[in-house]
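**Student:** Handing you a structure now.
The values are calculated or read from the model by the stated rules, or taken from the named source; none is laboratory data. Computed from a predicted model, the values in this text were never measured in an experiment. Counting neighbours? That spans all protein chains shown, and the Cβs are built from the backbone with ideal geometry, glycine included.
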Amino acid sequence: MLADYAVRVEDTRGRRYPEPQHSYRNEFQRDRDRVIHSRAFRRLEAKTQVFTRRYSDHFRNRLTHTFEVAQIARTIAGQLDLNVDLVEALALVHDVGHPPFGHAGERALDAAMRAHNSFFDHNLHALRIVEDFEMRYAAFRGLNLTFEVREGIVKHSRDYSADQYPDLSEYLLALRPPLEAQLIDLADEIAYDTADLDDGYEAHLLTWEEMGGGIPVFAGLFAEAERSWPDVAEKLQFNEALKSLLDHLVGDLIGNTKAQVSATGVRSLEGVRKCPRRLVTFSPAVDRERRQIKDFLHRELYLSKALDPDKEDAERVITEMFNFWMVKPENLPSSYREKATQEPLARVVCDYIAGMTDNFILEQYQKYAL
């Protein structure tokens, strides 16, 4: 049973290009499947999350991270009586717009575009992918996803002004996204906060003592794991503490969101959309803990000098390849050369690079001996 404020698939605003109803899958299930079968989704397997494969093949990449987000998001949606099919589709598509080399690559690509009076936004690039770049169907370009999934791609993590982004006006920018979209951003954060603590520990860049010193809630959970499992290896105690941390964050998000919905008196999807604020939130106490985790990871992991060589390589490769194709666009594939006759060259080069895996852009870098 869905809550009164959930998105109902039978009320979808539909697809840009109408299609016959499928015999045994609903529209959001079809969207989920189209995302999974897309080239952009497959490429996530070879895109860095935080650690490159120089460290280990065991660490998260964009694809495994995406699966973890989907698992967490589905759990939250089920407890809130939301549309789990829509949530799963949104979770699986939420990162397809990321370029190679993680956030370092995104910063470098955005900086390159800023030099040409533009910018790079991975959410908007994801929309371009599903609307135009994917070529799987004879009847239309892109994946022809439902409005609700396309809206969630745009609005799941931030609000866009209609004045600044007139091209996005069809996505109801003056209104909040449904709860199904709102929860994706925080499910994403829960996933990468706990995963990055795990991978940082496995990479020997973080110790549980450092985590306990910087994240009081983790210190308490680790002490509880030591008491419950005094005779097991430290790694297993760490795993138990991390599992408890994930459960703590998910449980609070579910409980506080229910409380927020109840307090505001929202009883319909229209009520969610017209609410002056987002309703999927942590409680104040757990939100402080979330910020402590985030601050700790930035300070101790993301800004770690051990990761500087990879980040510097990423920024150099993306910047130099961008500049190379701007000067020598004849070296772009023919399809991109054709696009450059209709769109600014900088945007075409940006699109080309953003779609690459880590491995492919490094091959291109070596090919042209930059």
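**Student:** Can you pull out the residues in the range 24-59 that are charged (D, E, K, R) and within 13 Å of the chain's Cα centre (by Cα)?
**Tutor:** The first filter runs over the range 24-59 and keeps only residues charged (D, E, K, R), leaving 25, 27, 30-34, 39, 42-43, 45, 47, 53-54, 57.
The one that is charged (D, E, K, R) and within 13 Å of the chain's Cα centre (by Cα): Lys47.
**Student:** Please work out which one of (1) in a helix (DSSP H, G or I); (2) out of contact with any helix residue (DSSP H, G or I) (no Cβ under 9 Å at 6 or more places or on another chain) is the condition Ala369 fails and give its number.
**Tutor:** Answer for Ala369: the failing condition is (1).
**Student:** I would also like to ask the following. Take the range 151-181 and flag every residue that is under 19 Å from Phe28 (Cα atoms) and small (Gly, Ala, Ser). Show your work before the answer.
**Tutor:** Let us first name the residues in the range 151-181 that are under 19 Å from Phe28 (Cα atoms), namely 151-156, 171, 177-181.
Within the range 151-181, Gly152, Ala181 qualify.
**Student:** Give me the residue from the range 178-191 that is more than 20 Å from Leu2 (Cβ to Cβ) and of a type outside the set (A, V, I, L, M) and, out of that set, surrounded by the most Cβ atoms within 10 Å (Cβ to Cβ). Walk me through how you get there before you give the answer.
**Tutor:** Quick first cut of the range 178-191, residues more than 20 Å from Leu2 (Cβ to Cβ) only: 185-186, 188-191.
Going one step further and asking which of them are of a type outside the set (A, V, I, L, M), we end up with 185, 188-189.
Numbers: Asp185: 19, Asp188: 21, Glu189: 19.
Step by step, filter the range 178-191, then rank; the result is Asp188.
**Student:** For the range 68-152, list the helices (runs of 4 or more DSSP H) that sit wholly inside it and hold at least 1 residues that are crowded, with 22+ Cβ neighbours inside 10 Å, at pLDDT below 95 and of a type in the set (A, V, I, L, M, F, W, C); which are they? Lay out the reasoning, then the answer.
**Tutor:** Numbers: elements: 84-93, 102-114, 122-128.
Per the criteria, 102-114.
**Student:** Residues Leu205, Leu197: which one is aliphatic (A, V, I, L, M), touching a helix residue (DSSP H, G or I) at 6+ places or on another chain (Cβ under 7 Å) and part of a loop (DSSP other than H, G, I, E, B)?
**Tutor:** On the way: Leu197 fails: part of a loop (DSSP other than H, G, I, E, B).
Among Leu205, Leu197, only Leu205 is aliphatic (A, V, I, L, M), touching a helix residue (DSSP H, G or I) at 6+ places or on another chain (Cβ under 7 Å) and part of a loop (DSSP other than H, G, I, E, B).
**Student:** Follow-up. Mind checking which pairs have a first residue in the range 30-53 that is among the small types (Gly, Ala, Ser) and a second that is surrounded by fewer than 20 Cβ atoms within 10 Å (Cβ to Cβ) and part of a helix (DSSP H, G or I), Cβ under 7 Å, 6 or more apart or different chains?
**Tutor:** What qualifies is Ala46/Asn359.
**Student:** Tell me, which residue of the range 153-177 that is assigned to a helix (DSSP H, G or I) and within 18 Å of the chain's Cα centre (by Cα) is surrounded by the most Cβ atoms within 10 Å (Cβ to Cβ)?
**Tutor:** Of the residues in the range 153-177, the ones assigned to a helix (DSSP H, G or I) are 153-155, 166-171.
Keeping just the survivors that are within 18 Å of the chain's Cα centre (by Cα) gives 153-155.
Numbers: Ile153: 27, Val154: 23, Lys155: 23.
Checked the range 153-177; the qualifying residue surrounded by the most Cβ atoms within 10 Å (Cβ to Cβ) is Ile153.
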